[in-house]
1. Could you please state, rounded to a whole Å, how far the C-alpha centre of segment 42-114 is from the C-alpha centre of segment 183-236?
2. Which of Met244, Met363, Met267, Met49 has the fewest other C-beta atoms within 10 Å, and how do the rest follow up to the most?
3. Quick one: Karplus J couplings for segment 237-242, per residue in order, coefficients 6.51, -1.76, 1.60, θ = phi - 60°, nearest Hz, x for Gly and Pro?
4. Using the Cα centre of segment 27-263 as origin and beta-carbon charges of +1 (Lys, Arg) and -1 (Asp, Glu), tell me which of Ala118, Gln72, Ala95 is placed farthest towards the positive end of the dipole.
5. Given 0.36 nm per residue, what is the gain on full extension from Arg405 to Ser271 after removing their alpha carbon distance, in nm?
6. Can you compute 3J(HN,Hα) from phi for each residue in segment 395-402, using the Karplus curve 6.51 cos²θ - 1.76 cosθ + 1.60 with θ = phi - 60°, rounded to whole Hz and x for Gly and Pro?
7. Going down the table (Lys375/Lys409; Lys190/Lys242; Lys131/Lys162; Lys78/Lys176), which pairs top 19 Å between alpha carbons?
8. When a/c is below 1.5 the answer is rounded, else prolate if a/b is larger than b/c, else oblate, so apply that to segment 27-263 with a ≥ b ≥ c taken from the square roots of the Cα gyration tensor eigenvalues.
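Each reported figure results from applying straightforward, stated rules to the coordinates on display, with no laboratory input. The shown structure was predicted, so the numbers you read here are calculated from the model rather than taken from an experiment. Using ideal geometry, Cβ is built from the backbone for each residue, glycine included, and neighbour counts are taken over all protein chains shown.
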Amino acid sequence: MKILKKFFLVSQCYLMLLGLFVVFPVQAQDARFTVVLDAGHGGHDPGAMSANSREKDINLAIVLDLGAIIEQKFKDVKVVYTRKTDKYLTLQERADVVNDHHADLFICIHTNASLSSAAYGAETFTLGLAKTRANLDVAMRENSVILLEEDYRTKYKGFDPKSVDSYIMFEFMQDKYIDRSVEFSSIIQKQFVSYCQRSDRGVRQAGFWVLHRSACPSVLVEVGFISNPAEERYLTSDQGQKEMATAIFNAFVDYKRTHDKKSGRQMASVSKIEQTSKREQTAKAEEHNQRRPLQPVEVAHPNPEIDTVSKKNKIEAPVLTPANATQTPVFKVQLFATLKNIKAKSTSLKGVNNTEYFVEDGMNKYTVGNDTDYKKIEKIRKEVATKFPKAFIIAFVGDKKITVREALKLIK
């Protein structure tokens, strides 16, 4: 009997050891890169609001688009959502999702707002001490959701999102993920410019509680300003949401490729999503703009050199009129549109000479270049792209504005 018991115990030990050798490699092979996507705000917390839209809806739409692309393209990536519906979560609950899933990357999507409707552009934040008041204001606004919770001082260890003194704590924090967070943020910003032609507000640091409590490389993306009418229309459109999601996906492709290489993983053969050809893209953008009275364009920063239109202050830039137009399609590069009247040597023109403007839908739209040769205008667009990344080509026949697609057909 004793011999049988010993045999049974020994056999059980061998089986357990065998199980360890079999299960561990399988688990290692099945281990997937985990990315947590967080749509900021939700439920009874709408976030920033305008007369026509709410931040929580924009954030969720972009997150769902981004997650769908990652799930479709990457079979070795596990996508976790903090929310997929209009639901409220505390900042700590969002961070808990990140940590409970042992995430490799955390992407938090938000939409910016400003007291000035002229503020525009996209920016990406990492954890750190805010070095400017503007950065601190963004962090305070996003952290203010804490105030919706009962006994928030106890839950958040005395952290008060309204108090500047509370943010001193981030000066002494050493985030071991900061290098990778900054690296990913930089790639995102480059994609916003190259893929979406959005204005780059740069990579910034501020004290975001949700990033502080997440144990992995983490970024908080402000996709644009809901307080800017043009950006609001872009960010609430299907096209704008899909473009922003695709830009972040492209950045994720680059980031994961680097991550796989450094960790010794086999790199997935996933490519970034390319833009359509320049001609198709400009024609598509122009048709989209004509359907919308006020297109997503760069709005000039408030500047003492910019004056309102008045009888005493005539515009100095030449105006497009039927007299200086031809019946052959003429191409131009539109730099930006503004309600203001800009002086010829204004810093808002960023040193670009020989600009013109025309009035459409109550907006002064500033252009450079005037040629029947599309290739020459495309060259000009590329030359000014560093100063005006959202510049695009427009076309006229006589004094009538037409789409670029129509103009190209006329010159074939």
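1. Using only Cα atoms to place each centre, the spacing works out to 13 Å.
2. Working: Met244 28, Met363 20, Met267 12, Met49 15.
Ascending Cβ contact count within 10 Å gives the list Met267, Met49, Met363, Met244.
3. Each residue of segment 237-242 in turn: 8, 4, 4, x, 5, 5 Hz.
4. Gln72
5. On the way: separation 134, 0.36 × 134 = 48.24 nm, distance 2.89 nm.
Result: 45.3 nm gained on full extension.
6. 9, 9, 10, x, 9, 9, 7, 10
7. On the way: Lys375/Lys409 15 Å; Lys190/Lys242 17 Å; Lys131/Lys162 17 Å; Lys78/Lys176 23 Å.
Violating the 19 Å Cα-Cα cut-off are Lys78/Lys176.
8. Working: a/c = 1.40, a/b = 1.09, b/c = 1.28.
It comes out rounded by the Cα gyration axes.
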